[in-house]
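Please read the structure below before turning to the comments.
Every number in this text was worked out from the coordinates using simple rules, so none of it is lab data. Remember, predicted model here, so these are calculated numbers, not experimental data. No Cβ is skipped: glycine too gets one built from the backbone with ideal geometry, and neighbour counts run over all protein chains shown.
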């Protein structure tokens, strides 16, 4: 954005609105003359501009007339994270109080493949003559 060019500033401002392009900015600036005039006009006045359909008019009008709350997105995201955390906490607490283990997260490896891999490791240990249980019982050398 160039600070010396008013049209570039206006263009950057208006194209931030969903659906508004540089051609629309040119139409709006030539019709209304300033950003203040664009903001102050009604939906009917905006809809008289060629190239601005009902969706663009609605997006522009709602953008300029919505209450400003800089924390709105942050609050929604934080609330969702808290809710997610609490739901996980409740599930874990229920499994602890009921005496059952929480279910492991699903993995891409199937149970049969995991069992096969375990058997393969045991077979390899037998062939090499090593066994983790024997090593643990013997202790450090």
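The table below gives the values:
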| read-out | value |
| --- | --- |
| Gyration tensor verdict on the stretch 6-65 (Cα atoms; rounded if a/c is under 1.5, prolate if a/b is larger than b/c, oblate otherwise) | rounded |
| Label-point separation in nm, residue 82 to residue 12, each point 7 Å along Cα→Cβ | 3.5 |
